[in-house]
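Before any comments, here is the structure.
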Amino acid sequence: MQKIPKLLQVVLIVVGVYFGFVLLFDFILGQVIPSSLLNMYMFFIVAGVLAVYTATEDGTRELVAPIKSLVEDPSKKKTRNIVFAVTPVAVALFVYLQLVPSLEAPLELRSIHPAPPSTVKIYGKRFDLRTLVNPYRKLEEEDPEEFRAMVEAGASIYIQNCHFCHGDKLDGQGPYAAGLNPVPLNFQDVGTIAQLQESFLFWRIATGGPGLPDEAAPWISSMPVWQEFLTEEEIWQVILYLYDYTGRRPRSWEE
Amino acid sequence: MISTSIKQLLIVMLVVFLLAVLPFSVAEAAEGVQVTVPELSSSDYPVIAGVNSRVAVWLAAQLHLWFAAFVLAVPIFVFIIESIGVWTRDQRYDEMAFEFIKVSITAYSLTAILGGLLAFSLFIFYPQLMTYLTGVFSESMFYYALLFFAESVTLYVYYYGWHWLQGGDKKWIHLTLGLLLNAVGTLLMLLANAWLTFMMSPNGVDTAGTFTGDTWGAIHNFLWNPINLHRVVANVAFGGSVVGAYAAFKFLSASGEDERAHYDWMGYNANFIAITALLPLPFAGYYLTAEIYEYSQQMGITLMGGVFAWLFIIQAVLIGTLFIAANYYLWCGMGRSEGAHRYYPYIKYIAFVIVASFLVWFTPHTLVLTNEELKALGGPYHKYLGPLGIMPAKNTAVNLMILFTAVSFLIYRRSNKLPTVSWVQTGNALQIALFVAGIANILILGIYYGYFTNTVYKVAASIPQVLTTLVVIVISTVIDSFLYKGAEEVAPLRWGRVPDRSQYALFLLAVAFTWLMGLMGYIRSGIRQHWHVTDVFRDNSVDAFTPTLGYAANVVSIGVVIFMAMVVFVFWISQVSSKKSYPEGYWKTA
Amino acid sequence: MTQFLKIAGFSLLVISLFATYSNLGIPQIKPAPPPSQESVDLSSMDMDSFISLGEKIYNTKGTCTLCHNELGGRAPMLDNLGEVVSARLEDAGYKGSAANVVDYIVESMNEPSAYVVKGFGKVGTNDQESPMPDVRSGSIGLSEAETLAIVAFLQDSSGLDVSIEIPSNVEEVAEVPEEVPVSTGGQGSQRAKYASAEEIVAILGCGACHKIAEFEGAIGPDLRLIGQSRDAEHLRQSILDPNADITEGFVAMMPPIYGDQLFASELEMLVEYMASLK
């Protein structure tokens, strides 16, 4: 490292980290890293690297020495002129590429977990989502046998209705899943049902895609309005099954 | 023998004390009170001179809050610094404490003016809401006014009596005054907090909002204490960062070496205060959030999910900025001594961990994806980045960030010293073992409990993580203080020998803190959505909608600029007040 | 001074960076507007929502569809007002004072007898008196604003240009329940129980069709002395399933919804009350 000038070190580190991320995510792990995220990552990585290199006086001097000499040293006139010409062009090109309209469809920004309304009308009744609980959840303690029966019932309802999209392993990989955008939720994921209370699931299942608030883009969800196909009882049973099969617990604060 | 003036002072203090405890003795439920919630329509909200009433009240409230936070926080650490001065008999502390309080005394009158502005704009633009709130809180508002007198009296005596009450018993009286000042100030804040938390989590009223005299119930509502805790801690951090900016300002415009040394030292202490208070702040925040969830799941999801989820990404950026700036200031400060060269190589590792933790903290749960990326991923979920978007990852990251900031501190403390005790090796090994064990524990708690068990444990795991962090910091600091007792100086610590860059880090800290407070003020108020008082008193004004984050950020930015301008004025005026000029031949000679 | 400018510049730069990031770096999702509320705020309303408010009142609180429906001949349909109003205003049988469409519709609701469409008059009055109640009266009790909302709806639905202005008078804030309170007895229902049979009669609007208590409805059978000819059993059936046994001279048009709107104890209270009318 001693031979490489500090300025070059900084550039190498930043570029290296950038391509390191791309290599790691896009090629090794096979899941692309979103460019919006990578840009912000890089902003803070640059800030961090600069902080380290400018923490000492000597370091700072060494870092800016090449820039200083480029601007001030008469013998570097040629290089200076080239740099001064190329830099604005490069910046202009970058801005142009950022702003040029592409053929890509505009982004659909949707919150995946929108805040639920405080009350919701399902089956012609008004439910208070703040206090609503799964009526069968208590059976888990009180009557485990009955509870198993409820889960079993939920399982067959799931297989008859839900698995086409959400998959027989509840992983969002059902036979129809490939045709849907947004893709069906993966209930095995730690970020989905494990983060939610059962009343939230009841609301989402019963009112489906059309029942989403605007922020969650109800027009692009293909989730059916299940209150028109299932009974209240059946929805609660399916919810029991979702948690039972994935081994997750509904979110709660008391235990 | 007590002199007359001291006697008079003691009487004043007694009166203030009585004023402060008065509310407790008469806080009894008033009989027959009935305050009901009116049903409003948009025409019940006055439109005055085309002013957007929400933005007007928003800015007035935020500016008042910034100044109030500053004015309440400064006496807290001034009292502590003064006590340190008394303890160590190092006069520099006493002088610094006085300089801090001098800055806050000008800010004090601005706080009161802005408070008046806020009250006026509330009464002008939201008369019905204020009628209701003053109906509910009539007594506490009256005591608030009384306490304000007490606060003013104590603050003036504390400040103007600083040089009079020096030495021996007089100093003790002065310290007691400082304590009294803090007690009254805190009480003031608690009362004001009760009003706003009542609007978030109303209590002491029935479901229709009708108030029948349960004043204590209305004050002691669900979110009162969580907000109280969060605000006290945040105020100290904020106050520290603002006086840090003051010191940086003076440092940069100082002319002599002595002055530079003095303000460098002052800036270092202010930064120390800000960071010490910043470290526990995330935990106070988690406590508040957990309580909000406990109060209402809907409010909780509004806060953390949905639209406001993106606000926490902005918050992450700001807190990341705070941590990087604070650490950078410490690293730059190591240049004060030649002895620090030994530790330079470690900086990059600390920076690596802090930046890496920050990137985890910053990763949002919902990723912004282009359509191409969406197709490549097959959906909005990212297999590897998705898990970084939820709480366990963020808790782990923030704990690591805090631990490594503490490491920065320890290294800074050691920079010009060489331990002389016999157990140096053991002590160092012990500290390293402590940190390694702590980090391992945090990682295990975060990864195992965060991803391989149920939600209940997920939330529960954050508490042992926090405890680990705190225990490691406390114990390592204790070990360090023994280890470096009577340590040799490798090279002198030259105050004032820091690059100007480091002073800009202090400004960055102050600006980021101010902006962050404004942003969090917006969300605290915003999660009530279209309610003046949650679920009880509906906001039917045209401004009942929740604005977008960009809009809020712009209002906050404007507020910060106004605040900064006023703060510069405060700095300037406190500088002018100590200047004296004697024009030749102006006054007639006797 | 240079120091000061530098610092100010630096601070402004930092602030603008934060603001820029908040505006451009993260998605600007517009939060959902506050949910609409039962008591309607007229001053912030556009014409479309005013019309749909009118439709809501027409179908619910106004109870208009009880008679103005496709089922039976108790009241004229209102979907062709555009064509008929001007003709009616010229008609010799018109006794009112309206000069334009809006005034006419308002008048027809407040003083229904001003013009009676042929064949829809009260029995025995030779189409001189209308069986329709004044919409301002007790059982319906529409405010002026609500009346105007219905006018807007009627104009709109019959193909006319809506020519009314949304009232700005705040006193006239209309209150509209989201739907007719349907009590299925589930956890959804929250209303308090009715206290008396008279209250039920007033709230459910029985008097719009029947003569009962102080009401003078002329569409359904006279119930003032119904206890003389019917027992409790029959009365209960007539409420729960009105079309099972139609009184001679009347058509099947009473909606079978009232059983759902009452708690069992309220139904019994009403039956008992009616059976006592002797």
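Numbers below:
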quantity	calculated
Matching option when the condition is surrounded by fewer than 21 Cβ atoms within 10 Å (Cβ to Cβ) and touching a residue at least 12 places away in the same chain (Cβ under 8 Å), among A:Gln173, A:Gln160	A:Gln173
Check on C:Gly82, open to solvent by less than 40 Å² (accessible area, probe 1.4 Å) and in a helix (DSSP H, G or I)	yes
Unmet requirement for A:Gln31, which otherwise passes all of (1) within 9 Å of chain B (Cβ to nearest Cβ); (2) among the polar types (S, T, N, Q); (3) assigned to a helix (DSSP H, G or I)	(3)
Qualifying positions in the range A:206-236 - open to solvent by less than 20 Å² (accessible area, probe 1.4 Å) and out of contact with any Pro (no Cβ under 8 Å at 6 or more places or on another chain)	A:Ala206, A:Thr207, A:Ala217, A:Leu230, A:Ile235
Hits in the range B:549-570 - residues which are farther than 17 Å from C:Phe4 by Cβ, facing chain C (nearest Cβ under 7 Å) and in contact (Cβ under 8 Å) with a residue 12 or more places away in the chain	B:Leu549, B:Ala553, B:Ser557, B:Val560
Selection status of A:Leu129, without any contact (Cβ under 8 Å) to a residue 24 or more places away in the chain, over 21 Å from the mean Cα position of the chain (by Cα) and open to solvent by less than 70 Å² (accessible area, probe 1.4 Å)	no
Verdict on A:Gly191 being more than 14 Å from chain C (Cβ to nearest Cβ) and either assigned to a strand (DSSP E or B) or closer than 30 Å to C:Leu24 by Cα (or both)	yes
Qualifying residue in the range C:100-123 (condition: assigned to a loop (DSSP other than H, G, I, E, B), of a type in the set (Ser, Thr, Tyr) and surrounded by fewer than 20 Cβ atoms within 10 Å (Cβ to Cβ))	no
The range B:133-148: number of residues that are over 26 Å from the mean Cα position of the chain (by Cα) and aliphatic (A, V, I, L, M)	2
C:Lys95 vs. criteria facing another protein chain (nearest Cβ under 7 Å) and either farther than 23 Å from C:Pro131 by Cα or at pLDDT 75 or above (or both)	no
Some residue of the range B:338-355 being touching a strand residue (DSSP E or B) at 6+ places or on another chain (Cβ under 8 Å) and either surrounded by 19 or more Cβ atoms within 10 Å (Cβ to Cβ) or over 30 Å from B:Met266 (Cα atoms) (or both)	yes
Filtered residues of the range C:215-234 (kept if free of Cβ contacts under 8 Å to residues at least 24 places away in the same chain and either among the acidic types (Asp, Glu) or in contact with a helix residue (DSSP H, G or I) (Cβ under 6 Å, 6 or more places away or on another chain) (or both))	C:Asp222, C:Glu233
Positions within the range C:210-240 being among the hydrophobic types (A, V, I, L, M, F, W, C), closer than 15 Å to C:Lys278 by Cβ and assigned to a loop (DSSP other than H, G, I, E, B), in sequence order	C:Ala213, C:Leu223, C:Leu225
Residue count, the range C:23-53 (criterion: modelled with pLDDT of 70 or more, at the interface with chain B (Cβ under 7 Å from one of its Cβ atoms) and either farther than 25 Å from A:Thr119 by Cα or within 18 Å of the chain's Cα centre (by Cα) (or both))	4
Leading residue by the ranking (nearest to B:Tyr295 (Cα to Cα)) among those in the range B:179-221 that are β-branched (Val, Ile, Thr) and buried (at least 21 other Cβ atoms within 10 Å of the Cβ)	B:Thr197
Flag if B:Phe238 is among the aromatic types (Phe, Trp, Tyr) and either open to solvent by less than 30 Å² (accessible area, probe 1.4 Å) or in a helix (DSSP H, G or I) (or both)	yes
Filter result (under 28 Å from B:Asp500 (Cα atoms) and of a type in the set (A, V, I, L, M)) within the range A:58-90	A:Leu63, A:Val64, A:Ala65, A:Ile67, A:Leu70, A:Val71
Flag for B:Ser138 being hydroxyl-bearing (Ser, Thr, Tyr) and touching a residue at least 24 places away in the same chain (Cβ under 8 Å)	no
Any chance B:Ala510 is modelled with pLDDT of 85 or more, in a helix (DSSP H, G or I), within 12 Å of chain C (Cβ to nearest Cβ) and within 19 Å of B:Ile411 (Cβ to Cβ)	no
Candidates A:Thr231, A:Thr207, filtered to the one that is more than 24 Å from the chain's Cα centre (by Cα) and of a type in the set (Val, Ile, Thr)	A:Thr231
Scope the range B:300-331; condition over 17 Å from B:Val398 (Cα atoms) and either within 7 Å of another protein chain (Cβ to nearest Cβ) or touching a His at 6+ places or on another chain (Cβ under 8 Å) (or both); matching residues	B:Ile301, B:Thr302, B:Gly305, B:Gly306, B:Val307, B:Ala309, B:Trp310, B:Tyr328, B:Trp331
Checklist (1) crowded, with 20+ Cβ neighbours inside 10 Å; (2) over 19 Å from the mean Cα position of the chain (by Cα) applied to A:Gly179, failing item	(1)
Residue that is closer than 30 Å to B:Val368 by Cβ, open to solvent by less than 60 Å² (accessible area, probe 1.4 Å) and not assigned by TED's automatic domain parsing to the domain that holds A:Ile220, where the choices are A:Ala85, A:Ala90	A:Ala90
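The values are calculated or read from the model by the stated rules, or taken from the named source; none is laboratory data. Only a predicted model underlies this, so the values are computations on that prediction, with no experimental measurement involved. Here Cβ is always computed from backbone atoms with ideal geometry, including for glycine, and neighbour counts include all displayed protein chains. These area figures cover heavy atoms from the full protein model, side chains too; ligands, DNA and RNA do not enter into them. Shrake-Rupley method; radii C 1.70, N 1.55, O 1.52, S 1.80 Å.
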